Every structure is written in C-alpha cells, then in structure tokens.
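Novice: Here you go, one structure.
The values are calculated or read from the model by the stated rules, or taken from the named source; none is laboratory data. This is a predicted model, so every value here is computed, not measured.
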Amino acid sequence: MDDKYRPRTFEELASDPVPVSLINEPLPPENVRALPVAKAHSLHAVLCDALTSRAAVRELYVQVRRTVQVLSKCLELPELE
C-alpha cells in the first residue's frame, strides 16, 4: 500500500513541505480519464425525454392512487375493527 493514500500525522506533514496526495499528484492514475463534454440534445430528443418522464410520473400517480384505494378498503374490513 502506498503511503500517499493514508492520513499523515502532524509530524510527517511538518517534515514534508509539499506532501504528495491524490489532490496534488502531478499525473492522475492510469485508470482515470476525463469525461467527454456533453453535447446539446436535439429538440426531438428533449421532447421525447419530456414525454417519457411525464408518462412515468403519470404511472407513478396511478399506482399510488390504486394503493390508497386498496389500503382504505383494507381498513374497512370487519376483522380490523
């Protein structure tokens, strides 16, 4: 295990004026790369995403309403009184 990935004591920090850490190491590790810049979506893609999201929200609303109806009927059962 490399020493730069563990916390250092105050004495270690005082003896090393510029300690190497994940934040200030000169090059990133080999398994790290920059993400590409997101490109603007077309109007068609934005509208399709909005329709999909609206459909998902509507389905969630319908399922919650059905759950409320089932739970209210369960509360009306004579065994629960």
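Novice: Can you name the residue in the range 42-81 that is modelled with pLDDT under 85 and outside any helix (DSSP H, G or I) and is also nearest to residue 7 (Cα to Cα) among such residues?
Specialist: My answer is 42.
Novice: Also: Please go through the range 5-26 and pick out each residue that is of a type in the set (A, V, I, L, M) and modelled with pLDDT of 70 or more.
Specialist: Just the residues of the range 5-26 that are of a type in the set (A, V, I, L, M), to begin with: 13-14, 18, 20, 22-23.
Answer for the range 5-26, where residues must be of a type in the set (A, V, I, L, M) and modelled with pLDDT of 70 or more: 13, 14, 18.
Novice: Residue 39 fails exactly one of the following numbered conditions: (1) modelled with pLDDT of 80 or more; (2) under 23 Å from the mean Cα position of the chain (by Cα). What is the number of that condition?
Specialist: The one condition residue 39 does not meet is (1).
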